[in-house]
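Worksheet for the structure shown next.
The values are calculated or read from the model by the stated rules, or taken from the named source; none is laboratory data. Owing to the predicted nature of the structure, the values given are computational and were not obtained by experimental measurement. Cβ sites come from the backbone with ideal geometry, for glycine too, and all protein chains shown count toward neighbours.
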Amino acid sequence: DINECEPPNQSLYPCKGNCRNTAGSYTCSCPSGFRSDDPKSIPCVRADPNKALKVALGTSAGVVFLMVCMFALRAEYQKRKLVKEKERFFDQNGGQILYHQIMSKQVDTLMIFTQEDLKKATNDFDESREVGRGGHGTVYKGVLKDGRVIAVKRSKIMNVAETDEFVQEIIILSQTNHRNVVRLLGCCLEVEVPILVYEFIPNGTLFEFIHRNRGTPPPSLDTRLRVAQESAEALAYLHLSMNRPIVHGDVKSMNILLDENYMAKVTDFGASRTLPKNEVQFMTLVQGTLGYLDPEYLQERQLTEKSDVYSFGIVLLELITGKTAIYHDGPKEGKSLASSFLLAMKEESLDGILDASILSAGMETLLREVAELARMCLSTRGEERPSMTQVADKLKALRSTWREKLLLTHGETDRLVSSPAALAFHDPPSSIMFSTGPRMSGIGIETPR
């Protein structure tokens, strides 16, 4: 065996590093701190101690860059998908029709809000902005850039069959101009279910004003009759609106709001319908609130102005009895206020059902006249009921005739106290305006509790 690492054999067995003889061969390696890809032919050079770290960092940077690119592409894809989805919903909800009507100045009473507008106004629909929640949606208090306070009604569902009529109906509703009707300011159509925007009403619902005034004096009879008259005038206005009467479809004390001066404002036209003159609306699905439903409507499925008259009759009863539409008298099951009232009228025991706080000497005749008006509103047959205009005129006449006595007896001592921050569409938790109650026999009826 020759030693390849010693002269003269070195020239035959090259090594640019440290040569080491082995049996029948030799090895060539770089000294510590040096490196070479092939020490036999390539000289050793000082090794970079950070090379492995640099390789690792380079690889990591490449992976991170690749991931960033993937996320950026995905975000751009999602953004484009969202834009297309918004455009689809906008068109699906009649946005193009409404937009062109606004641009052509055919409609100047309605604003189209973007989803981003309403997110900013409600702090991204934050829970702290909620002023009403129900099975079918939520209402938020919002503030626009110009400082206007609004109520944002975000529903969960919409009847697809109504989509074609939706734009025309909201245009008509936005054109309603009555001091006792909550104004529809605009809508957002780039979402699956359109979001409606209304003026914000600060002092809660008539339901709360009547039934939840613990610790404060109850409203006077004069105030109750004023609110009744204002509500009746609002419904009369809707019924006589332009060439297409508007039937509310869900009149109840929870859908009558009170503004900063405790003036009545009728709201929530979620169940409303515009009807051609002298026609009725045939409904395949009954909508409304148990205790307020017109029995003729429930049986015939025909929605007319007289359906609202019946429901208003229940509201009038709430005002003079202080009881809810379905009330509890002891441990018994809920009683129908309408049935109890009609029985009291028949047995001539009206005093037993009226609110004791409005009973006073000399007011018996007035209360009987108001009760008789309510009885007429509750007639089983719609054709026997007065119109809302007649109801409003009667209430106005009664207030005028009895004005001096009303002021003398009750004065202007109504409670104008602060109530919890309220809302357009604020309802008691147990009975929100979105029909949150149990379903009865498969029809959309809300149950007040």
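Here are some notes:
- Set LEU73, LEU53, LEU57: member being in a helix (DSSP H, G or I) and under 30 Å from GLU116 (Cβ atoms): LEU73
- Some residue of the stretch 315-332 being in a helix (DSSP H, G or I) and either without any contact (Cβ under 8 Å) to a residue 24 or more places away in the chain or over 36 Å from the mean Cα position of the chain (by Cα) (or both): no
- Close pairs from the stretch 105-131: first touching a residue at least 24 places away in the same chain (Cβ under 8 Å), partner of a type in the set (Lys, Arg) and in a helix (DSSP H, G or I), Cβ under 6 Å, at least 6 apart: THR122/ARG129
- Criterion violated by GLU384 - all others in (1) at pLDDT 95 or above; (2) charged (D, E, K, R); (3) surrounded by 13 or more Cβ atoms within 10 Å (Cβ to Cβ) satisfied: (3)
- Residue match in the stretch 208-222 (condition: under 28 Å from PRO194 (Cα atoms) and either at pLDDT below 90 or within 25 Å of the chain's Cα centre (by Cα) (or both)): no
- Qualifying residues in the stretch 290-303 (those that are in a loop (DSSP other than H, G, I, E, B) and surrounded by fewer than 22 Cβ atoms within 10 Å (Cβ to Cβ)) - the one modelled with the highest pLDDT: LEU290
- Filtered by the rule that a residue be of a type in the set (A, V, I, L, M), in contact (Cβ under 8 Å) with a residue 12 or more places away in the chain and either in contact with a strand residue (DSSP E or B) (Cβ under 8 Å, 6 or more places away or on another chain) or surrounded by 11 or more Cβ atoms within 10 Å (Cβ to Cβ) (or both), the stretch 1-52 gives ILE42, ALA47.
- Per the listing ALA392, ALA374, ALA424, ALA361, the residue uniquely at pLDDT below 95, surrounded by 21 or more Cβ atoms within 10 Å (Cβ to Cβ) and not assigned by TED's automatic domain parsing to the domain that holds LYS141 is ALA424.
- Consider the stretch 304-339 and keep the residues that are of a type in the set (Gly, Ala, Ser) and surrounded by fewer than 17 Cβ atoms within 10 Å (Cβ to Cβ). The one that is modelled with the lowest pLDDT is GLY330.
- Pairing each residue of the stretch 346-362 that is under 18 Å from LEU407 (Cα atoms) with any residue that is surrounded by fewer than 14 Cβ atoms within 10 Å (Cβ to Cβ), provided the two are 6+ apart or on different chains, yields C-beta distances under 7 Å for LEU359/ASP351.
- The single condition among (1) among the charged types (D, E, K, R); (2) buried (at least 17 other Cβ atoms within 10 Å of the Cβ); (3) without any contact (Cβ under 8 Å) to a residue 40 or more places away in the chain that ASP146 does not meet is (2).
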